[in-house]
Amino acid sequence: MASITLKNLGKIYAGGARAVGDVNIDIADGEFIVLVGPSGCGKSTLLRMVAGLESISEGEVRIGDRVVNEVEPADRDIAMVFQNYALYPHMSVRQNLAYGLKNRGTPKAEIERRVKIASDILQIGAFLDRKPRALSGGQRQRVAMGRAIVREPAAFLFDEPLSNLDAKLRVAMRLEIKQLQKRLRTTSLYVTHDQLEAMTLADRLVVLNGGRIEQIGTPLEVYRRP
Ligand code: ADP
Ligand code: ADP
């Protein structure tokens, strides 16, 4: 686990449009931060800068005590869960889970141990040999989370992971992520536009507007009406 610090973080896209500005957040070890705000407010840009999928225009991102501005995505000790699952269609669930670890040279026995733990946590043990196309949406999203868990990363980044699921499944998966959070206590940054997800999951909420922090606090503090 690790703390994450965003210091004066900003993003100006080619062409000069500012997407994020002056963002300062100290995320404690094991803390679950949810980023909310209207479409276009910069949530995804911010998350992608932390992930290393988008270059940083201003300020810095620290993970633990390392400044990671120039560190490649694969070397950031962070695992990201995407809304489109990003599973490899030609691989079985087991291969999808193992792939990233294999690439990093993790020993086979260790890969098997981690795949077993992740598939127990996510209850996907029964379809480890299936291809993603033979899974339901909820099962696919569990596999996508499994791929993040097996990495045992310092932090999880979630980019609207439940927004492709139907309403009923979204409720169930929201509670599963809550359980996961209780069990693993991994530092997390979670983007959503769903208020229930935000309230259920967040230790603290960050409300972005026009690329800047409008409010930051516990769900109670943020959603309390004056
Ligand atoms: P959100 O995730 O909150 O919907 P985004 O981070 O996707 O917001 O977008 C923030 C702003 O940056 C928007 O004005 C969007 O149009 C702009 N933007 C996003 N991606 C790019 C890009 N690749 N090039 C230029 N502008 C972009
Ligand atoms: P792993 O399973 O270990 O994440 P991958 O080869 O799938 O390994 O991913 C390598 C890097 O690319 C990771 O940092 C991951 O966050 C990123 N990545 C994976 N899938 C996507 C995607 N669909 N879009 C953008 N980035 C991705």
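Structure values in brief
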| item | result |
| --- | --- |
| Scan of region 203-226 for residues that are open to solvent by less than 40 Å² (accessible area, probe 1.4 Å) and more than 18 Å from G42 (Cβ to Cβ), ordered by number | G217, P219 |
| Residues satisfying the stated conditions in region 139-165, i.e. within 18 Å of V191 (Cα to Cα) and surrounded by fewer than 19 Cβ atoms within 10 Å (Cβ to Cβ) | S163, N164 |
| Residue match in region 19-30 (condition: in a strand (DSSP E or B), touching a residue at least 60 places away in the same chain (Cβ under 8 Å), among the acidic types (D, E) and open to solvent by 50 Å² or more (accessible area, probe 1.4 Å)) | yes |
| In region 31-69, residue least open to solvent (accessible area, probe 1.4 Å) [restricted to those that are part of a strand (DSSP E or B) and farther than 21 Å from K178 by Cα] | V61 |
| Looking only at region 126-136, and only at residues there that are of a type outside the set (K, R) and exposed (fewer than 14 other Cβ atoms within 10 Å of the Cβ), the one that is farthest from V171 (Cα to Cα) | D129 |
| When residues of region 73-88 are limited to those that are at pLDDT 90 or above and open to solvent by 40 Å² or more (accessible area, probe 1.4 Å), the one nearest to ligand 1 (Cβ to nearest atom) | D77 |
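The values are calculated or read from the model by the stated rules, or taken from the named source; none is laboratory data. Just so it is clear, the model here is predicted, and its values are computed rather than measured. Ideal geometry is used to build each Cβ from the backbone, glycine not excepted, and the neighbour counts take in all protein chains shown. These area figures cover heavy atoms from the full protein model, side chains too; ligands, DNA and RNA do not enter into them. Shrake-Rupley method; radii C 1.70, N 1.55, O 1.52, S 1.80 Å.
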